[in-house]
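Values quoted throughout were computed directly from the atomic coordinates according to the rules given, and no laboratory measurement underlies them. Not measured: the values here are computed from a predicted model. Reconstructed Cβ throughout: ideal geometry from the backbone, glycine too, with neighbour counts over all protein chains shown.
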Amino acid sequence: MNATTTAHNDLNRKAALASIAVALLLVGMKAWAVLSSGSTAMLGSLADTALDLVASLATLLGVWIASQPDDQNHRFGHGKAEALAAMFQVVLISISAIGLAFRAIGQFFGGARVAEAESGVIVSTIALAATFALLVYQRHVIRQTGSLAISTDNVHYKSDVFLNLAVIAALVLDTYLGITGADAVFAFGIALWLAWGAWGASQVAVDQLMDHEWPLEKRERFLELVSQHPELKGLHDLRTRTSGNRDFVQFHVWVDGRMTVTEAHRVMDEIEDKLMAAFPGVEILIHPDPEGLVDEGAMGAENLLAPDAEATSPALLAQGAPVK
């Protein structure tokens with residue numbers, strides 16, 4: 001495990017611990033506010049934060065497992081533990097959304113009112129400040145590490161900003177302006193927001209678990225760097241995937257068939273050094289072929305360094321890339 005990966009793992013652990021600390025603080029305050037106000041919107045906020053706490057614990061476990069070095073049974077590392085932790089969080093968010101929606105519907109048709117608003121407004125304001133500070137720190141970590149588990153955790157707390165604003169609005173409308181049902185309507189809106197966040201987070205986790213190819217822009221940047229080596233005659237059969245905060249890529253390159261093994265090895269090393277400088281922590285596997293040789297049954301036999309080859313690649317067309 002290189003120094004970059006180790007530093008990223010440390011940042012991910014710190015972000016997970018910060019998330020747990022904020023969740024513990026908010027659960028205690030919101031539980032008191034629910035008892036004081038009787039607000040369903042606040043109850044939804046409490047349920048979401050309680051699930052955030054469980055999810056943050058799952059995130060900590062996920063990033064800890066993902067940080068473990070490769071072993072005999074996991075030669076590609078443990079990065080997919082982050083995707084599994086993210087899927088666990090998605091399930092929790094979905095359960096919270098469904099339960100809150102049913103509670104909101106029951107309150108709306110039952111005509112229940114909020115007892116008082118002061119405690120809920122105070123707690124939600126404090127929660128907004130704490131959540132915003134955590135979001136800023138998480139975004140810093142995500143920019144550095146690209147962690148899926150921390151990104152999914154960030155979705156929770158990003159929704160908490162809107163959730164706390166919604167709770168304040170619901171309490172003010174219901175208690176001070178006398179608009180019956182406002183608390184329940186906002187609670188139902190929060191449930192829909194949670195469900196939408198869960199759906200988005202699940203797509204990213206499934207992509208990692210299914211070894212989805214890198215985004216087109218990232219592949220193009222990768223190919224642009226490879227194409228700058230003067231001794232390469234072409235590149236084909238490019239395969240990419242991401243596992244946790246680690247990227248994996250393998251491809252075949254065409255070189256002059258008269259090269260010695262030593263010369264070809266030098267070219268591969270030069271390509272790897274340049275790519276690893278631009279993509280820290282990436283694991284690269286390069287297979288050299290004599291110019292023009294195509295393995296029988298190869299998925300991507302076209303030369304991806306040729307003009308417009310990337311745009312007409314069958315693999316990218318399957319991702320929805322436009323034909324130029």
For the stretch 167-176, in order, what is each residue's ³J(HN,Hα) by Karplus, 6.51 cos²θ - 1.76 cosθ + 1.60 with θ = phi - 60°, in whole Hz (x at glycine and Pro)? 5, 4, 4, 4, 5, 5, 5, 6, 8, 8
Just to be sure I follow: if Rg is taken over the C-alpha atoms of the stretch 3-76 and Rh is the Kirkwood radius over the same atoms, what is Rg/Rh? 1.21
Give, as a single signed number, the net charge of other residues whose beta carbon lies under 9 Å from the beta carbon of Ser19, with Lys and Arg counted +1 and Asp and Glu -1. -2
Counting Lys and Arg as +1 and Asp and Glu as -1 over every other residue whose Cβ sits under 11 Å from the Cβ of Ile190, the net charge comes to -2
In the chain, taking the dipole from +1 charges on Lys and Arg beta carbons and -1 charges on Asp and Glu beta carbons about the Cα centre, the listed residue (Phe251, Pro230, Leu92) farthest towards the positive end is Leu92
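Grab the beta carbon distance between His74 and Trp196, set R0 = 22 Å, and tell me the FRET efficiency rounded to 0.05. The partial results should precede the final answer.
On the way: r = 34 Å, r/R0 = 1.54.
With a Förster radius of 22 Å, E is 0.05.
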Calculated over the stretch 168-259: convex hull of Cα atoms, volume per residue (Å³): 129
Would you mind pulling out the separation of the Cα centroids of the stretch 155-181 and the stretch 56-104, in Å? 29
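What number, rounded to the nearest 500 deg cm²/dmol, is the helix-based mean residue ellipticity at 222 nm of the chain, given -39500 (n - 2.57) per DSSP H run of at least four residues and division by all its residues?
For the chain, the value works out to -22500 deg cm²/dmol.
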Local net charge near Leu53, Cβ-Cβ under 13 Å (Lys/Arg +1, Asp/Glu -1): -3
Once amide H atoms are placed 1.01 Å from N in the peptide plane, what residues at a sequence separation of 5 or more from Leu305, or on another chain, have their amide H within under 5 Å of its amide H? Leu235
Segment Ile122-Trp64, extension gain: residue separation times 0.36 nm, minus the distance between their alpha carbons: 17.3 nm
Spelling it out for Gly77: with amide H atoms placed in the peptide plane at 1.01 Å from N, the residues 5 or more places away or on another chain with amide H under 5 Å from its amide H are Asp71
